[in-house]
Amino acid sequence: MSEYDELSDSAEIYEPNSEGFQEETEPTEPTSDTIPEDTQNYDFDGASDSDKAEAERFMEENPDLFSNSDDAMTSSEEEDDAEVYHNKDSDSMTLGKYEADEDGDELPTSYRQQAENNDSAYFSNDDYDKIQQEGDYSDDEMYEQSGNKDVVEDALAEGKDMQFSHDPREADGGLGREWETIQDQTGSTDEDLSVGEDGRLHLNDYNSYAPDYNEQPPYNPDDYE
């Protein structure tokens, strides 16, 4: 065996071109056409830590190649949020009771009608009964499972004008739970409710987070301009 034979077994040989040697080509960027479909929807279940790290790095560097990118997930979350948090961009939030007549038609006094007439934000989940039945949740559990509590907490954090179509101070059910959340999160009491010029009960100036509820400072709208 010659010295050249030994070298060819262990080294890469470049074929001569017009200038004597073949030029190295730049690596091509991966595209959706060059990546298996299952990789574009990568599932981390069962993967080793090193494989997870490598996959995460690759996904971060090539977000457009993956159908389950962060942007897509965010859009999905926002869509789910919109289904229960209505008129979210409003400066006010209306809470109260759902009321219907004998035929099941919603009455004008119902909190949802009051909110729509006032361009106010409100919570409503059309799948409430379905979620409760499938999960066998109690009414207390449904307050969280339906997204009701999250919507109330978000509205408080956003500093919305909290108004009520019905008096929450002696209420039970959903309205009672909402009032309890407001009291826990803001430190408000029954005395902090007053009738506004529109004839509705309003929650007076409040801190979005009571000191004993969260270490965050009081809400200041100027901080979010």
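What to note about this one:
- Relative contact order (%) - region 95-224, alpha-carbon pairs under 8 angstrom, separation at least six: 21
- Cα→Cβ-extended label distance, 7 Å offset, between residue 119 and residue 106, nm: 1.9
- With the simple model of a label 7 Å out from the Cα in the direction of the Cβ, residue 49 to residue 137 spans 3.6 nm.
- As a rough guide to protection, the peptides 142-151, 97-106 ranked by mean Cβ packing within 10 Å, highest first, stand as 142-151, 97-106.
- Peptide packing for 168-175, 195-202 was compared via the average number of neighbouring C-beta atoms within 10 Å per residue; ordered from the highest value, the list is 168-175, 195-202.
- Rounded Å value of the spacing that divides the Cα centres of region 83-116 and region 119-177: 11
- Length gained on full extension, residue 195 to residue 58, computed as 0.36 nm times the residue gap minus the Cα-Cα distance: 43.6 nm.
- Cβ-derived FRET efficiency at R0 25 Å, residue 167 paired with residue 91, nearest 0.05: 0.65
- Cα Rg, Dmax, region 95-224, angstrom units: 15.3, 48
- Nearest-0.05 FRET efficiency for residue 83 and residue 144, computed from C-beta distance (R0 25 Å): 0.95
Coordinate-derived values only; no laboratory data. If you're wondering where the values come from, they're calculated on a predicted model, not measured in any experiment. Backbone-built Cβ (ideal geometry, glycine too); neighbour counts: all protein chains shown.
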